[in-house]
Amino acid sequence: MCHLDKLIVAAGEYCGSRPCGDCAILNQDQLSQEMIAYQQAAKEIEQSGDFDTTDDFTFVVQPFFTNSTLPYFPNGTVNKNFWGQDCYHYSAYGHALLSTFFWQNMLEPVGAKTSNANLSVSALPLACPDPVCI
């Protein structure tokens, strides 16, 4: 299972340092546990029904990052183009790639959302909204 923590560590390995100052006090296992706890808390909020009181607003988790893979080139090396120059934030390419998975998640029904973004795939076909819903 790959969480955001693995992306942070991969960026750090690429740059030769831990890019996240606050993350330096946590080891890999602690960071992973924090990420999992955050994802579980978001899911609990979604399932609580607290935000399902009107027809025009709700809270829906977009879980494409839950089981994501790191961005690799076909030769097995990490795609450094995914991160910006600070090795912590995403580059324009990284944002564009993540946005395709986010868009896909937004168009999928609750309970059937993709939770495994393969960040090595740079050409995810974009889905279109159902015309009935527009």
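A few notes on this one:
The rows are residues; the columns are (1) touching a Phe, Trp or Tyr at 6+ places or on another chain (Cβ under 6 Å); (2) of a type outside the set (K, R); (3) over 29 Å from V78 (Cα atoms).
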residue	(1), (2), (3)
H95	no, yes, no
L98	no, yes, no
V110	no, yes, yes
K113	no, no, no
A117	yes, yes, no
S122	no, yes, no
P125	no, yes, no
D130	no, yes, yes
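- The number of residues in the range 32-61 being surrounded by 15 or more Cβ atoms within 10 Å (Cβ to Cβ), among the charged types (D, E, K, R) and within 26 Å of V121 (Cβ to Cβ) comes to 0.
- Looking only at the range 62-98, and only at residues there that are touching a residue at least 40 places away in the same chain (Cβ under 8 Å), surrounded by 15 or more Cβ atoms within 10 Å (Cβ to Cβ) and more than 15 Å from S120 (Cα to Cα), the one that is farthest from the chain's Cα centre (by Cα): C87
- Within the range 45-58, the residues that satisfy the criterion of being without any contact (Cβ under 8 Å) to a residue 12 or more places away in the chain and more than 15 Å from G111 (Cβ to Cβ) are S48, D50, F51, T53, T54, D55, D56, F57.
- Looking only at residues in the range 99-121 that are modelled with pLDDT under 90 and either of a type in the set (A, V, I, L, M) or touching a Gly at 6+ places or on another chain (Cβ under 6 Å) (or both), the one that is nearest to E46 (Cα to Cα) is V110.
- Any hit, the range 116-133, residues being without any contact (Cβ under 8 Å) to a residue 12 or more places away in the chain, part of a loop (DSSP other than H, G, I, E, B), within 28 Å of A37 (Cβ to Cβ) and of a type outside the set (V, I, T): no
The values are calculated or read from the model by the stated rules, or taken from the named source; none is laboratory data. Keep in mind that this is a model prediction, so the values were computed, not measured. Positions of Cβ are backbone-derived with ideal geometry, glycine not excepted, and every protein chain shown enters the neighbour counts.
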